[in-house]
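One structure below.
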């Protein structure tokens, strides 16, 4: 009996769950090598992980603090270009590139956090969209650094100066980054920071009355969100190996927003699930059907309809589906849904 | 001097395009309490209908636009009837993500129905120009300027003087109270979506001759329309229109006199600074929050 309960608590340890989750999704290249799945899966799920990382950051901002940002795309692009420029043109190590690609955008994030104290809701959303557009137009024009319209290339990461990765190893690196960030987010949101952000979302006045400094926590929330987004961008450029200015437009920011709304706000697994639904599912399902898969734009229609249907039936996020399934089987369990 | 006049006239033309797109966003925002991220793409869809009617069916351009507008009304009705009506229980951001879903649906349907090749849409009045104070103004530009100003003024008269306008304004100030007072809010939202589609299609048909008709036709118009909304403030119907014209004039002046490459970026940064100092926009009323 004693042994059973310790085993149970061992399985319930969230960190071990994250690691277990990471191991499962990093098995994908093995399945591809064994010929069970197609090679294109690595690219698609890799992209999903990158989107999930950016969405984790936005989840901290929108889910926990209630602050909206439509500037995620701009910061992803900024991270991608900085890392591509430093590692490609200047020949700096990959680690330096990633670090710089996080630090420089965070400075912008801090500025937005400062400005955010003055505005609310939609105004904040569109001001961040403004920032994102300024960045995107700068990618177009700053040709010596960004390569202009024709885009900029980058290589797979080289770890510690001499371990050159290939696509599948880079995929595993993405999984490691995702798992580490999930743990970090778990820690951040379950500690004092999470409580302060929750209070801020509920009521700013009440939060201030209880001694939560709006300035401090808005700055923290925005710098974290930009850090996640720019890291996602930097990983993107080393995984896809190419970056164009025209990628970083409003639809990318909206897709990341859709990921957290579809998956479930304030849920880490929900964020990944949302990324799979919004980003990967249309490609994975439709490309396999012979004739239909070739129709132009069908995957767009599919993801659009999917997003609408999910939000209509699960406004709290798809992650609740598991709770509902559980309710079906375990009769008379606590009715958590009635809040 | 003639350059300045030329720039101002051109700004009035682009301003008209922005103003119509902005009005489409604000009318949906005020009656449905959601930002329609699909406004640009829906306008693009309408412009595609017009282009196909003209290019493939051989309709005269004016007739093509009129039929396109009728189709836009139908699409607007469908959008509201099939989807938006069922979103009453969805919270703020969820509603906006639904408009993103709509945007993706339209983005996908367009190449399925009309093909992937870019198409051309000619001007309504092909040629002819006259000079105003040393600046050239084509008849087509004049038509666009008049359409922009005329439709804006017409809409304000509709909002202020008619019973429908009263219903829209009541719904905008409080949907629940409006329903209690017997305002048919369902019809109001239906009208709002149809109007948004019509305005989007018109702005699409106005900008199409200066570029080619692709799925990205309205991207920059939409971003500028959003920025016009915050510049003018979301609380009124006329603020965003003023914002739209300011953005058009400022873009043209900055790109000509300051820098053709960095003009837009400078403008956006100026807008951000403006919002920091006046967070509710040009004509915004500060809502007093009660604790």
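When residues in segment B:150-161 are screened for being touching a helix residue (DSSP H, G or I) at 6+ places or on another chain (Cβ under 9 Å) and either more than 17 Å from residue B:225 (Cβ to Cβ) or free of Cβ contacts under 8 Å to residues at least 12 places away in the same chain (or both), 5 of them pass. Taking residue A:118, is it facing another protein chain (nearest Cβ under 10 Å) and not in a helix (DSSP H, G or I)? In short, yes.
Residues considered: A:49, A:24, A:36, A:53. Of these, the only one that is within 19 Å of the chain's Cα centre (by Cα) and more than 20 Å from residue A:231 (Cα to Cα) is A:24. Among the residues of segment B:260-282, is there at least one that is within 14 Å of residue B:231 (Cβ to Cβ) and more than 11 Å from chain A (Cβ to nearest Cβ)? Checked segment B:260-282: at least one residue is within 14 Å of residue B:231 (Cβ to Cβ) and more than 11 Å from chain A (Cβ to nearest Cβ). Does at least one position in segment B:83-91 carry a residue that is within 12 Å of another protein chain (Cβ to nearest Cβ), closer than 13 Å to residue B:194 by Cα and more than 11 Å from the chain's Cα centre (by Cα)? Yes, that holds for at least one residue.
For residue B:48, the conditions (1) out of contact with any strand residue (DSSP E or B) (no Cβ under 9 Å at 6 or more places or on another chain); (2) within 21 Å of residue B:123 (Cβ to Cβ); (3) within 14 Å of chain A (Cβ to nearest Cβ) are fulfilled apart from (1). Of the set (1) more than 10 Å from chain A (Cβ to nearest Cβ); (2) in a loop (DSSP other than H, G, I, E, B), all apply to residue B:254 but (2).
Restricting to segment B:9-45, count the residues that are more than 14 Å from every other protein chain (Cβ to nearest Cβ) and part of a loop (DSSP other than H, G, I, E, B). Looking only at that region, the number is 0. Across segment A:124-155, the number of residues qualifying as under 20 Å from residue A:239 (Cα atoms) and either modelled with pLDDT of 90 or more or buried (at least 19 other Cβ atoms within 10 Å of the Cβ) (or both) comes to 5. The residues listed here are B:119, B:112; of these, the one that is within 13 Å of another protein chain (Cβ to nearest Cβ) and either within 26 Å of residue B:213 (Cα to Cα) or surrounded by 16 or more Cβ atoms within 10 Å (Cβ to Cβ) (or both) is B:112. Among residues of segment A:197-213 being away from every other protein chain (no Cβ under 14 Å) and more than 12 Å from residue A:66 (Cα to Cα), the one that is surrounded by the fewest Cβ atoms within 10 Å (Cβ to Cβ) is A:211.
The values are calculated or read from the model by the stated rules, or taken from the named source; none is laboratory data. Remember, it's a predicted structure, so these values are computed and weren't measured experimentally. Positions of Cβ are generated from backbone atoms using ideal geometry, with glycine treated the same way; all protein chains shown enter the neighbour counts.
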